[in-house]
Amino acid sequence: MSRVLIIEDEPAILRGLADILRFESYDVLTAGDGETGLELLRKGEPDLVILDLMLPKMSGYEVCRRARSSGLLTPILMLTARGEEMDRVAGLDLGADDYVSKPFSLPELLARVRALLRRSQVAAEGKSAGELLAFDDVEIDFAKYEARRAGAKVEMTRKEFEVLRYLSGHPERVITREELLERIWGLENYPTTRTVDNHILSLRTKLERDPRHPRHIVTVHGVGYKWSLEEG
Ligand code: CA
């Protein structure tokens with residue numbers, strides 16, 4: 001069961017969120033001000049935090065900043081008032097992972113909660129699955145986001161590393177484009193399956209010996225992609 005900490009000073013919103021999350025079988029912690037919230041964030045071991053920005057005693061920004069500067073990596077979903085574009089940007093700069101504008105719909109909020117929890121689970125699985133990948137003349141260090149081919153550095157985007165990590169972390173299993181979208185992109189920017197295809201093409205060009213006849217990042221026609229362990 002995942003534990004969600006809600007930090008929100010408006011009692012009606014706090015109660016509504018707590019009720020729906022408990023109904024959805026989450027373990028719920030609540031705080032009505034920033035100070036108590038930060039305390040619970042540190043000691044309550046939540047898997048996710050829903051954080052309002054305007055709070056008594058300590059603002060949501062400050063809670064976020066202090067949590068990150070003390071090394072806490074708990075995913076943070078910010079609640080912002082509609083039109084607070086600057087707030088949103090500042091919040092993401094301070095280390096929030098996603099945001100929802102008030103007034104929000106409960107299904108939307110629940111979808112964001114699920115997506116963030118999945119992403120942090122994937123990250124945790126990735127860590128335990130190992131940080132290094134080697135095939136052909138390619139070496140990948142996922143922890144450092146470094147790729148080398150025949151000893152020479154290969155420039156790759158963060159998303160390319162994440163796609164590669166997910167595929168290679170599930171060898172010989174068919175992965176659909178939708179699964180990659182959900183796991184790697186979550187809800188951010190609403191990308192399309194075309195985005196996935198472009199990342200796959202780019203990865204093949206950078207890493208496969210013969211990008212037109214890939215040996216490792218294999219297409220499964222009509223379904224998706226597969227990481228093949230077969231040597232070329
Ligand atoms: Ca508030």
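Rolling a 1.4 angstrom probe over the protein heavy atoms with all chains in place gives the chain an accessible area of 52 Å² per residue. With respect to the chain, whose longest principal axis is taken over its alpha-carbon atoms, helix 34-43 is tilted by about 50°. Taking Lys and Arg as +1 and Asp and Glu as -1, the other residues whose beta-carbon sits under 10 Å from that of Glu162 total +4.
For Leu14, neighbours were defined as the other residues whose beta-carbon sits under 14 Å from its Cβ, and their charges (Lys and Arg +1, Asp and Glu -1) total -3. Taking the chain as the region of interest, the number of lysine pairs whose Cα atoms are within less than 22 Å, with members eight or more places apart or on different chains, is 12.
Here the chain is described by how far its Cα atoms reach on the three principal axes: 61, 35, 33 Å, from widest to narrowest.
The accessible-area ordering, largest first, of the residues Arg165, Arg212 stands as Arg212, Arg165, per a 1.4 angstrom probe.
Angle, helix 11-23 long axis vs. longest principal axis of the chain, Cα atoms, 0 to 90°, nearest 10? Around 50 degrees separate the two axes. Its relative contact order, with pairs defined as Cα atoms under 8 Å and 6+ residues apart, puts the chain at 12 percent. So what's the net charge close to Met58: Lys and Arg +1, Asp and Glu -1, counting the other residues with Cβ under 12 Å from its Cβ? Once all neighbours under 12 Å are counted, the net charge is -3. Based on C-alpha pairs under 8 angstrom that are at least 6 apart in sequence, the stretch 3-125 has a relative contact order of 21 percent. Accessible area per residue (1.4 Å probe, heavy atoms of protein chains only) ranks Glu35, Glu155 as Glu155, Glu35, with the largest value leading.
Among beta bridges identified by DSSP and lying wholly in the chain, the antiparallel ones come to about 50 percent. If you run the Gaussian network model on the chain, springs between alpha carbon atoms under 10 Å, then out of His170, His213, His221 the most flexible one is His221. Ordered from highest to lowest accessible area with the whole protein assembly present and a 1.4 Å probe, Leu106, Leu79, Leu29 read as Leu106, Leu29, Leu79.
The values are calculated or read from the model by the stated rules, or taken from the named source; none is laboratory data. What you see is a predicted model, and the numbers here were worked out from it, not measured in a lab. Virtual Cβ from ideal backbone geometry, glycine too; neighbours counted across all protein chains shown. For accessibility, only protein heavy atoms count, side chains too; no ligands or nucleic acids. Shrake-Rupley method; radii C 1.70, N 1.55, O 1.52, S 1.80 Å.
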